[in-house]
Structure formats: structure tokens, C-alpha cells
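*Asks:* Before we start, here is the structure in question, set down as C-alpha cells.
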Amino acid sequence: MQARQSDRMATVQSFLNSFWKHTDDAGTQWFDPDRDALYPDRIRRRPPGTDSSGLGTHCDPGTLDLWMTQEYQKAFRHLFSGDVERYDPWDAAHRTDGPQYPGSTMCSAFRTFQGWTALSDMDADQGVLHTVPIPEVMAYLLLRPLLPDVPEDSMCGVRPNQVFPVTKRWHPVLYRVLTPIPDVSAGDSVWWHCDMIHSVAPVENQRGWGNVMYIPAAPWCPRNEKYAADVRDAFTTGSSPSDFPEEHYERSWNGRFTLGQLNETGRRGLGLSEGPARVVGGPKKSPSSVEPPRTTAAL
């Protein structure tokens, strides 16, 4: 919780959000770039000597939602209308509200970036994150099922209650650019656009610890405000939020983080405080204005 509500982390999240078009020409603000919803994602703990099969190649913004809901049809309107050149993966329009499609597996929040904060030193050959560092590749993924070599009853592996798979059968060209992150040190953070394809490489007999904390950039918007209320209720009782299995580990923990330990960033992230007024929709910040936790690599 200290890391999630860190003011330095909030500075990085705001900087990353500034790369997005969050306010359209008509004045509609799709999200507040300077307020994060404090999405409580997982921590991975991998001891020395671990054998791990890694995590398959996939992407996370949605599954059937991306084709089947009106909001995402609007968000990807240029792709579905055939005007592919106008598609902008950095335009947040219509992504920040609307329901999930039944059977979709994704996080309930809208994330501009997913984040991977290292808690230990890890070399690039020790089961680290791999990405296809091209946000525009979502155009290929969404249009791929429409090509003539795909059976009419196939969505190239996308099924209800499964993640969005990227496979060598349907997307072989993408595997040519699947790239590992560099070596990282404890305290480094790595960030990737929410549409980017990624995986975690396998490792045998890992050298040293392989621990990471997943802290994304999940800016304040109608969709994230709704989920923040669920997170807030779970937080007050030590329960698991609804995106996660009902394990409720923290209900009986002594010394569990409490409401009284939240700073202003944490309170804003859980909807307990509006906080001071922020100026949004201004020019993009330069990298020199950022004081990252240690090293921030924005892929």
C-alpha cells in the first residue's frame, strides 16, 4: 500500500497518462490524468531455484468485449469501418465506460498502462516480461478473425471465460517481435500500453529472487470510479476485491493496512476524497518533469 499510494508513483502515472488523448475536441473528458484509481493488482513472489513455465502470450484490455459492446465498437470505429489509418491507440474515447460482455475475462478497471515494479534484481534471461512493443497491433488482432482463412465460427482462439490468446497458429508474424525487457534492479518499474501483447518467459533454476508488484496506471473515470467503490468496501474488511478469487487472506491479519494509514493520494484513489482541484487536458509533460521510483521504462 505504501508503494501504491506513493506520491512518486502518482507522478509517474500522471506522466504516462499524459501520452493519451483524454479530452476530445468537444470537451468530453474521458479520464482525469492526474488521479489514479489505485487498482490493487497482484504481487508475484518467486524464490531462488524456481522452475516456472511462465505466462502465455496474450493481451488484457478485453476479449469478446472488444467486438461485442457498443462502447468498444465506438472506440475501434475506424478499424471496423475500414478507415484503419485513422485509428489511434492513444485515444481514450469510449473506453472508460460501458459494461463488460458476459463471459469476458479482464480487469474491471480501465488501465492506460500496465506496470511491473521490480522488488528484486532480475536479468533479462530469468523469466521476465516479454512484449510486442507496438500498441497499434490491436488493429491486427481485431481484424484477423475477418480474414478469409479464418472459419466463420472462429475468433482466432478468443473464447468466453478465457484470456485473449495470441497464438502461433493465427498470429505467427507477431512472435518475430516478441522482445524481453532489459535487466532490472529492485525498485525499477516497467510500463506497457494496455493494448500491448505480452508474456512472461519460462525459467529453470532461477538465479536469485524474482519478485514483482503489479501497479498499473488506472486513471479516474466512470468505469474506475465504479470499481473503486468495490475496492473500498473490500479494503475496509480485508476482503478480496471482486476481480480476484474469494481468498480473503487479510481479514484475520494483524497489522493490516487500514483507512487511517491512507495518505491523500490513497484516499483519492479509493474515492474517499476529491482532493485539491487539478488542471487537466494541458500539454504533455516532458520526461524531465518526472521523478520516477527509480528507473521508468515506458515501452
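*Asks:* Fully extended, how many nm does the chain gain between T28 and D153 (0.36 nm per residue separation, minus their Cα-Cα distance)? Mind dumping the intermediate values first?
*Replies:* Details: separation 125, 0.36 × 125 = 45.00 nm, distance 3.78 nm.
Additional length available on full extension: 41.2 nm.
*Asks:* Turning to a different aspect of this structure: Measuring from centroid to centroid over Cα atoms, what is the spacing of the range 130-186 and the range 21-68 in Å?
*Replies:* A separation of 16 Å, based on Cα centres.
*Asks:* Oh, and also: Can you tell me what percent of all Cα-Cα pairs in the range 136-239 are more than 18 Å apart?
*Replies:* Details: 3636 of 5356 pairs.
The proportion of pairs with Cα distances above 18 Å equals 68 percent.
*Asks:* Further question: With a cut-off of 8 Å between alpha carbons and a minimum separation of six or more residues, what is the relative contact order of the chain in percent?
*Replies:* After rounding, I find 33 percent.
*Asks:* Shifting gears a bit: What distance in nm separates the simple spin-label points at D233 and R45, each placed 7 Å from Cα in the Cβ direction?
*Replies:* 2.9
*Asks:* Quantify, in whole percent, the carbon and sulfur part of the accessible surface of the range 121-205 (1.4 Å probe; protein heavy atoms only). If you can, show how the numbers build up before the last one.
*Replies:* Details: 2210 of 4070 Å².
The nonpolar share, carbon plus sulfur, comes to 54 percent.
*Asks:* Let me ask another. Using a 1.4 angstrom probe, figure out how much accessible area the range 112-217 has per residue, in square angstrom, rounded to the nearest whole. Intermediate values should be presented prior to the final figure.
*Replies:* On the way: 4610 Å² over 106 residues.
That works out to 44 Å² for each residue.
*Asks:* From the Cα gyration tensor of the range 30-153, with a ≥ b ≥ c the square roots of its eigenvalues, which class applies: rounded if a/c is under 1.5, or else prolate if a/b is larger than b/c, or else oblate? All intermediate terms of the calculation are to be shown ahead of the outcome.
*Replies:* Numbers: a/c = 2.07, a/b = 1.50, b/c = 1.38.
Since a/c reaches 1.5 and a/b is larger than b/c, the shape of the range 30-153 is classed as prolate.
*Asks:* Here is a follow-up. Counting only DSSP beta bridges with both residues in the chain, what percent are antiparallel, rounded to the nearest 5? Could you put the intermediate results ahead of the total?
*Replies:* Numbers: 26 of 30 bridges.
About 85 percent, rounded to the nearest 5.
*Asks:* Straight-line reach from K21: which aspartates and glutamates have a Cα under 14 Å away, not including same-chain ones fewer than 8 places off?
*Replies:* Partners within reach: D32, D34, D88, D91.
*Asks:* Here is a follow-up. Given +1 on the Cβ of Lys and Arg, -1 on the Cβ of Asp and Glu, and no further charges, what dipole in debye does the chain carry about its Cα centre, rounded to the nearest 20?
*Replies:* 360
*Asks:* Please identify every one of the trypsin sites (Lys or Arg not before Pro) in the range 143-180 that sits in a loop by DSSP and has no more than 11 other beta carbons within 10 Å of its own beta carbon. Walk me through the numbers on the way to the answer.
*Replies:* Working: sites: K168, R169, R176; in loops: K168, R169.
Listed in order of number, the matching sites are K168, R169.
*Asks:* Can you pull out the GluC sites (Glu not before Pro) in the range 117-206 whose DSSP state is coil and whose Cβ has at most 12 other Cβ atoms within 10 Å? Don't jump to the answer; show the numbers that get you there.
*Replies:* Values: sites: E136, E152, E204; in loops: E152, E204.
Those satisfying the criteria are E152, E204.
*Asks:* Which Cα, out of M213, F113, Y72, lies furthest along the positive dipole direction of the chain (beta carbon charges, K/R +1, D/E -1)?
*Replies:* So the residue we want is M213.
The values are calculated or read from the model by the stated rules, or taken from the named source; none is laboratory data. Everything quoted here is computed from the prediction, not taken from an experiment. Note that we place each Cβ from the backbone using ideal geometry, even for glycine, and neighbour counts take in every protein chain shown. These area figures cover heavy atoms from the full protein model, side chains too; ligands, DNA and RNA do not enter into them. Shrake-Rupley method; radii C 1.70, N 1.55, O 1.52, S 1.80 Å.
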